[in-house]
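**Q** One structure, pasted below without further comment.
Where a number appears in this text, it was derived from the coordinates with a stated rule and is not lab data. All of these numbers come straight from a predicted model, not from anything done at the bench. Neighbour counts run over all protein chains shown; Cβ positions are idealised from the backbone, glycine included.
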Amino acid sequence: MWRPPERVRHDARPGIWPSAAEASASRLFSAVDVGPLKLRQRTWVPAMVPWRASADGAVTPEVLDWYECFARGRPGAIVVEATGIRDVPSGPLLRVGHDRFGPGLRQLVERVRRASGGETRLFIQLIDFLAIRRRPLATRFFGQFLRISPRHRAAFGDPAAPEAEVRSWLASLTPEDAAQVLDARERESLDFGERERVTDTHLEHIRELPVRLPPLFAAAARRARAAGFDGVELHFAHAYTMASFLSRSNTRVDGYGGNLENRLRLPLEVYESVRREVGGDFTVGCRFLADECVEQGSDPRDAAHFAVRFAHAGMDFLSLSRGGKFDDARQPKVGEAAYPYTGRSGYECMPSYFSDRQGPFGRNLNSTALIRAAVRASGANTPVVAAGGIHNFAQAEAVLASGAADIVAFARQALADPDWFRKVAGGHGSQVRLCLYTNYCEALDQRHRQVTCELWDRESLDEPGITRSADGKRRLTPPRWEP
Ligand SMILES: Cc1cc2nc3c(=O)[nH]c(=O)nc-3n(C[C@H](O)[C@H](O)[C@H](O)COP(=O)(O)O)c2cc1C
Ligand code: SF4
């Protein structure tokens, strides 16, 4: 992962933990309305993919155990990991693109209800993403993947040359000479692996996204509702399809790209289609970027505009993330796919303990505050969720007191200690396992290995009944905590 060159070390601090009485009088542990729902407290576990679904995207016992351990901590809400809305193979990523996923998802809802004593609200994050290929061997790229065009034939010097001849000529070039013949996109496909973009409107399935996506999101939301979820979070963040429509890099000329209004069109159409399908009494919100954190990317002013429009369209919450783009991702090894959390924007999304002067804690708060202020100034009361490096009570309380957000999300801190919420609410804050922000978990995520936390995954490995990772070396859920 990219790290700021300054490499200033920042350690998470416990701060002063509240007594049970102080916690119960706090903002953090007070209730908040999220559309038609009430959260019992303003705490939120945002989506985290743990790579535990079956190879065809179904809920497994390991998925159930993972969410049970968060539910036992009884946060205000949990958002289930990014879940694919299409019925297409996508590895062990959870899916909701067909009715056959319903029974597994229903079990997940029931497990969370039971484990949280009915106190935690459960949302599911709905995602669409475009195709990305692994970085190819140069021989395969020139021999098979590259689409030979008149430009390549002209460079070869014979406009009528047979394709095979052009391919073997290209494969024989030095990388420098080949780079002269290829255009920017072809060079990227060779160096990083081919990646589709929402601007590839010469491809029918990309051109048709504005027609295809609204019903796909709506059907996924209908299934989520039928499975018993309390709401859905539309994934409009990071490197995926909907974020790419919102991005300043979206130059589509069919009314779905270019200026702010056109970039917003599909996200709003997706929302409206979902709302029509599930009705007004089901929570629908979205997660999007306060800042893309890439050159010429959307900034917090763009995000404030989006937020106001989402709020007035009727969204029930606005959850803000940051960065996580392909644009600045590190070059993958041959045979691996580019990963959107390896560049500077990836660092901004999940900042780690070696940082710049500003540090990894609350890096998204200024932008979040600006966006929330714009929403409030527009007359909308939609709750805003803040995330990024929040780990102690005082910090979370300050986020709410300052008006930066209405709800505080804890991702890695909840992974380090899913009982954070129950411990702090009950006056047992001194027993919290504080996240180290080393991104051990994120490295597992990057390799699509079952995500665990270094603070507990080797503890009591001989405990009866625990499930271990595929390599047998790590436990998949933390030891249980009881007050
Ligand atoms: C293992 C892992 C998986 C993640 N998966 C998702 C995801 O599916 N969807 C999403 O919007 N964010 C995802 N994130 C980002 C987190 O939700 C969160 O925004 C980020 O980690 C910053 O918050 P934190 O500092 O509290 O960890 C993931 C983060 C981690 C560590
Ligand atoms: S592995 Fe655990 S301690 Fe390390 S960053 Fe992830 S959650 Fe925090």
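**Q** List Phe156, Phe421, Phe410 from most exposed to least, where exposure is judged by having the fewest other Cβ atoms within 10 Å.
**A** Listed from fewest to most nearby Cβ atoms, that is Phe156, Phe410, Phe421.
**Q** While we're here: Can you run phi through the Karplus equation (6.51, -1.76, 1.60; θ = phi - 60°) for region 400-411 and list ³J(HN,Hα) in whole Hz, with x for Gly and Pro?
**A** These are the phi-based 3J(HN,Hα) values: 6, 5, 7, x, 5, 7, 9, 9, 10, 9, 10, 8 Hz.
**Q** Related question: Hey, if you put +1 on the Cβ of every Lys and Arg and -1 on every Asp and Glu Cβ in region 292-360, which of His305, Ser355, Ala337 ends up farthest toward the positive end of that dipole?
**A** Toward the positive end, the furthest listed residue is Ser355.
**Q** Then there is this: Under 1.5 on a/c is rounded, so check that first for region 82-235, then, if it is not, pick prolate when a/b is larger than b/c and oblate when it is not; a ≥ b ≥ c are the square roots of the alpha carbon gyration tensor eigenvalues.
**A** Prolate, because a/c is 1.5 or more and a/b exceeds b/c.
**Q** For every other residue with a beta carbon closer than 14 angstrom to the beta carbon of Ala377, add +1 if it is Lys or Arg and -1 if Asp or Glu, then tell me the sum.
**A** +4
**Q** Please compute the volume of the convex hull spanned by the alpha-carbon atoms of region 371-455 and report it per residue in Å³.
**A** 116
**Q** Let me ask something else about it. Over region 138-192, what is the mean sequence separation of C-alpha contacts under 8 Å (at least six apart), divided by residue count, expressed as relative contact order in percent?
**A** 40
**Q** What list of ³J(HN,Hα) couplings, whole Hz, do you get for region 347-360 from phi and the Karplus terms 6.51, -1.76, 1.60, once you set θ to phi - 60° and write x for glycine and proline?
**A** These are the phi-based 3J(HN,Hα) values: 4, 5, 6, 10, x, 10, 5, 7, 9, 8, 4, 5, x, x Hz.
**Q** A further question on this structure: Expressed in nm², what is the orientationally averaged projection area of the convex hull enclosing the Cα positions of region 138-192?
**A** The number I arrive at for region 138-192 is 3.3 nm².
**Q** Shifting gears a bit: Find out how many positive minus negative residues lie around Leu209, taking Lys and Arg as positive, Asp and Glu as negative, among other residues whose Cβ is under 12 Å from that of Leu209.
**A** Net charge in that neighbourhood comes out at -1.
**Q** With an 8 Å Cα cut-off and a minimum separation of 6 or more residues, compute the relative contact order for region 56-105 in percent.
**A** 44
**Q** Let me ask something additional. With the cut-off at 31 Å, tell me which of the pairs Lys38/Lys473; Lys325/Lys423; Lys423/Lys473 have Cα atoms farther apart than that.
**A** Beyond 31 Å between Cα atoms: Lys38/Lys473; Lys325/Lys423.
**Q** Percentage of Cα-Cα pair distances in the chain greater than 40 Å, rounded to whole percent?
**A** 21
**Q** With the contact rule set at Cα under 8 Å and sequence spacing of 6 or more, what percent relative contact order holds for the chain?
**A** Taking the mean separation of contacting Cα pairs over the length of the chain, I get 21 percent.
**Q** By average Cβ neighbour count within 10 Å, what is the ranking of 199-205, 122-128, 176-182 from highest down?
**A** Highest to lowest by the protection proxy: 122-128, 176-182, 199-205.
**Q** In what order do Glu295, Glu68, Glu233 fall by count of nearby beta-carbon atoms within 10 Å, going from fewest to most?
**A** So the ranking, lowest neighbour count to highest, is Glu295, Glu68, Glu233.
**Q** Next question, about the same structure. Report, for the chain, the % of DSSP beta bridges that are antiparallel, rounded to 5.
**A** Roughly 20 percent of the DSSP beta bridges within the chain come out antiparallel.
**Q** Counting just the Cα atoms, what span does region 333-393 cover along each of its three principal axes? Round to the nearest Å and put the largest first.
**A** Extents along the principal axes, in whole Å: 51, 26, 19.
**Q** By how many degrees, 0 to 90 and rounded to 10, does the Cα axis of helix 61-72 deviate from the longest principal axis of the chain?
**A** Around 40 degrees separate the two axes.
**Q** From the backbone phi of region 301-318, what are the Karplus-calculated ³J(HN,Hα) couplings (6.51 cos²θ - 1.76 cosθ + 1.60, θ = phi - 60°) in whole Hz, Gly and Pro given as x?
**A** Karplus values, whole Hz, x for Gly and Pro: 5, 4, 5, 5, 4, 4, 4, 4, 5, 5, 4, 6, 6, x, 4, 8, 7, 10.
**Q** Moving to a separate point now. Give me Ser149, Ser244 ranked fewest to most by other Cβ atoms within 10 Å of their Cβ, as a rough exposure proxy.
**A** Neighbour counts put them in this order, fewest first: Ser149, Ser244.
**Q** Treating only the Cβ atoms of Lys and Arg (+1) and Asp and Glu (-1) as charged, compute the dipole magnitude of the chain about its Cα centre; round to the nearest 20 debye.
**A** 680
**Q** Can I ask one more? Local charge sum around Ala23 (other residues, Cβ-Cβ under 13 Å, Lys/Arg +1, Asp/Glu -1)?
**A** With Lys, Arg at +1 and Asp, Glu at -1, the net is +4.
**Q** Order 206-216, 79-89, 253-263 from most to least packed using the mean count of other Cβ atoms within 10 Å.
**A** Peptide ranking by packing, descending: 79-89, 206-216, 253-263.
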